[in-house]
């Protein structure tokens, strides 16, 4: 509760899309993919994956080319979306444990890490729920569970189907359970019509769209796809095995999983159309972090992938569509982040609050009104933990780091030895040229900004040395 008290302030919502009648409040559909990379869509340049429905959603709305999640892995990213806060505020930094990889290879002792979202935080679903919205959670939660009163039902949702603390689906195949019989919650296993998890969650979402008659609704469809295990529908995988492989994308199982995800988006849009709700529904499509490497996908032109401090770690596809209220086939290259969705959703729903967030409403960008505050603001990322490399316990995807992105520049500060890397994302999107030594003045200015931000959000800047590493060396 003490943390929340520090965050109380006031912001008034912009009313560009607002309506006055309660029954005219817009519906909101938020579709969150899991581990979908920046170029894993047709509209983002994939030469193998097929995503016609998501591509159509893009053509009917706005594509954000510089969208970031607030972390490069799942749990902290989702916590920041729900709370609108940077990771040092909610203290969820990584998927437990924070001390991944061999102990003797870690120079520092990572910070303690929370893996459950404290229910004292005000989430945007709580605010929507309190303002007349029917709130529906379907799919992956990964921040607690309803049995311990830390799941969706304790965080502003009227309905939870499939959401628990697990970050990995037990199985994509019916009955969606693991070998010990542990199953996703609130899925009626007597119904075997949809035997693939992505299809089943989509049908649950469709059912609840149809049930939402008298109230506006917020639907959070948090797919487990395309997270491992790689399990696809056999007929779709067969199709991709017969297709010419792409130069960058060539995993046939992953391609089939993406196609099922794409079909989900198409079915949701079609249902909204049939229910005469499409024009009054804001639709947001996002991934929770960058694409997985290790032979699964490829984020080229970006460097790195899931869990890493580079662009491939948390630069993701973001598409927003809202009937005729957003210019079709429009694009924004303004840097935005997952925490921006909190104030954006409240803005669209015309909900006022005294809860202060780190995010900024995207309303001005969606309506193509200039917003210097959003365009010029820096973005920050903080990861005080370790992630081992794919299949290699002797090296790391990430060691403790903090990052600032300011306009076209990006600085990554590494806590182990205090060195920095500086990149110009406009000239070098692949982060192949480190300017930290050739532009020391710029690097120092950005480090100073980063230090001030860490102090402002109470992010620790001093780490304890790992004595086991020191003995080894």
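For segment 240-356, which strands (runs of 3 or more DSSP E) that fit wholly inside it have 1 or more residues that are surrounded by 24 or more Cβ atoms within 10 Å (Cβ to Cβ)? Walk me through how you get there before you give the answer.
On the way: elements: 281-287, 315-321, 330-332, 353-355.
Per the criteria, 281-287, 315-321.
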Scan segment 33-56 for residues that are crowded, with 24+ Cβ neighbours inside 10 Å and not in a loop (DSSP other than H, G, I, E, B) and report the count.
-> 2
Of the listed residues (383, 285), the one being in contact (Cβ under 8 Å) with a residue 24 or more places away in the chain and within 15 Å of the chain's Cα centre (by Cα) is 285
What is the residue count in segment 367-385 for residues that are out of contact with any strand residue (DSSP E or B) (no Cβ under 6 Å at 6 or more places or on another chain) and either within 21 Å of residue 94 (Cβ to Cβ) or in a helix (DSSP H, G or I) (or both)?
-> 7
Considering each of 366, 387 in turn, give the residue that is buried (at least 19 other Cβ atoms within 10 Å of the Cβ) and under 30 Å from residue 325 (Cα atoms).
-> 366
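Quick check: anything in segment 153-162 in the same structural domain as residue 213 (by TED's automatic domain parsing), outside any helix (DSSP H, G or I), free of Cβ contacts under 8 Å to residues at least 40 places away in the same chain and over 18 Å from residue 90 (Cβ atoms)?
yes
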Mind listing whichever residues of segment 2-32 are modelled with pLDDT under 95 and assigned to a loop (DSSP other than H, G, I, E, B)?
-> 7, 12, 13, 14, 15, 16, 17, 18, 19, 20, 21, 25
Within segment 66-75, is there a residue that is within 21 Å of residue 137 (Cα to Cα), in the same structural domain as residue 306 (by TED's automatic domain parsing) and not in a loop (DSSP other than H, G, I, E, B)?
-> yes
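Against the definition (modelled with pLDDT under 95 and under 17 Å from residue 340 (Cα atoms)), how does residue 371 come out, yes or no?
Judged against the criteria, residue 371 is a match.
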If we ask which residues in segment 83-126 are more than 20 Å from residue 152 (Cβ to Cβ), in contact with a helix residue (DSSP H, G or I) (Cβ under 9 Å, 6 or more places away or on another chain) and not in a loop (DSSP other than H, G, I, E, B), their number turns out to be 7
Condition met for residue 230 (closer than 26 Å to residue 167 by Cβ, assigned by TED's automatic domain parsing to the domain that holds residue 184, at pLDDT 95 or above and surrounded by fewer than 22 Cβ atoms within 10 Å (Cβ to Cβ)) = yes
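The values are calculated or read from the model by the stated rules, or taken from the named source; none is laboratory data. As the structure is a prediction and not an experimental result, all values here were calculated from the model. Positions of Cβ are backbone-derived with ideal geometry, glycine not excepted, and every protein chain shown enters the neighbour counts.
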